[in-house]
Amino acid sequence: MTNTTRPAPFFVSDHMALDFLSTRTAPWGKEIEWLSRGTDLLDWLEAAEAISGDQKKALSTQFSTAELEAACNSARSLREWFRGFISSYAGNELTEFDMAELQPINQILAQGSQYSQVSFAGEGSHVQLTPFIHWRSHADLLLPVANAIADLVCNQNFKYIKNCEGPTCNLFYLDETKNHTRRWCTMSVCGNRAKAAAFRARKKRSS
């Protein structure tokens, strides 16, 4: 990644759109920003498998530093708008009356240049319709994220989008467990913290 002082970005939400929110979070109490500069956006898109390494290299050459910075600024604005949207609607099914709130996404989708191709998904797989993007403007760098948000809105049940129960955690995730009983962004962080806190509380009560 561009900034080696940061940990690798988090992909624990089971959906790219929600993982995008995790590019600004405070997992250990101190806020970390993964989208500080233009190249960070390309790094994150590659880590999210939204673009390939070859595409990242080509895009970093195609667009100037100023254009990449502008795209990253727009990505941060999109992220914070989406954070507000998710905070308002997570846990509830969307209705037709909520659609006006999605105008920022429709604007990005309307301005972009995308197309689809029939392709083979790979050995032992099947024929599928694969979307592609014409990278004509630095603004098109928001399209993979906008597509992911559109997929979340159109194809997932907002009832199962949850905020981690960790008291200091602001990560959202899509609960795809069988009985929809997931409580933590990840057991290795917030889940273990909760278990340790519960153990200390029991020990204190028994002493």
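Within the range 5-27, the set of residues being in a loop (DSSP other than H, G, I, E, B) and touching an Asp or Glu at 6+ places or on another chain (Cβ under 9 Å) comprises 6, 9, 10, 11, 12, 13, 14, 15, 23.
Results for (1) touching a helix residue (DSSP H, G or I) at 6+ places or on another chain (Cβ under 6 Å); (2) farther than 17 Å from residue 75 by Cβ; (3) at pLDDT below 85, shown as yes or no for each residue.
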position	(1), (2), (3)
141	yes, no, no
153	no, yes, no
161	no, yes, no
164	yes, yes, no
169	yes, yes, yes
178	no, yes, no
194	no, yes, yes
198	no, yes, yes
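If you take the residues in the range 115-127 that are in contact with a strand residue (DSSP E or B) (Cβ under 9 Å, 6 or more places away or on another chain) and part of a loop (DSSP other than H, G, I, E, B), which one is surrounded by the most Cβ atoms within 10 Å (Cβ to Cβ)? Only one residue fits best here, namely 121. Checked against the criterion of being touching a helix residue (DSSP H, G or I) at 6+ places or on another chain (Cβ under 6 Å), closer than 20 Å to residue 149 by Cβ and of a type in the set (A, V, I, L, M), the candidates 100, 75 yield just one match: 75. The conditions of being loosely packed, with under 13 Cβ neighbours inside 10 Å, touching a helix residue (DSSP H, G or I) at 6+ places or on another chain (Cβ under 9 Å) and not polar (S, T, N, Q) are met by residue 8. Return yes or no: is residue 23 touching a strand residue (DSSP E or B) at 6+ places or on another chain (Cβ under 9 Å) and either closer than 19 Å to residue 144 by Cα or surrounded by 17 or more Cβ atoms within 10 Å (Cβ to Cβ) (or both)? When the stated conditions are applied, residue 23 passes them.
Of everything in the range 3-30 that is closer than 17 Å to residue 42 by Cβ and aromatic (Phe, Trp, Tyr), the residue that is modelled with the lowest pLDDT is 11. Among the residues of this structure, residue 58 does not count as one that is part of a helix (DSSP H, G or I) and within 23 Å of residue 162 (Cβ to Cβ). Of all residues in the range 115-147, those that are under 19 Å from the mean Cα position of the chain (by Cα) and among the acidic types (Asp, Glu) total 1. Restricting to the range 127-162, count the residues that are closer than 30 Å to residue 181 by Cα and either in contact (Cβ under 8 Å) with a residue 24 or more places away in the chain or of a type in the set (A, V, I, L, M, F, W, C) (or both). Residues flagged as closer than 30 Å to residue 181 by Cα and either in contact (Cβ under 8 Å) with a residue 24 or more places away in the chain or of a type in the set (A, V, I, L, M, F, W, C) (or both) within the range 127-162 amount to 17.
Scanning the range 128-145 for residues that are more than 24 Å from residue 26 (Cα to Cα), surrounded by 20 or more Cβ atoms within 10 Å (Cβ to Cβ) and of a type in the set (A, V, I, L, M) returns 141, 143. When we screen 84, 112 for residues that are within 21 Å of the chain's Cα centre (by Cα), surrounded by fewer than 14 Cβ atoms within 10 Å (Cβ to Cβ) and under 21 Å from residue 20 (Cα atoms), the only hit is 84.
The values are calculated or read from the model by the stated rules, or taken from the named source; none is laboratory data. Remember, predicted model here, so these are calculated numbers, not experimental data. Cβ coordinates were reconstructed from backbone atoms using ideal geometry, including for glycine residues, and neighbour counts include every protein chain displayed.
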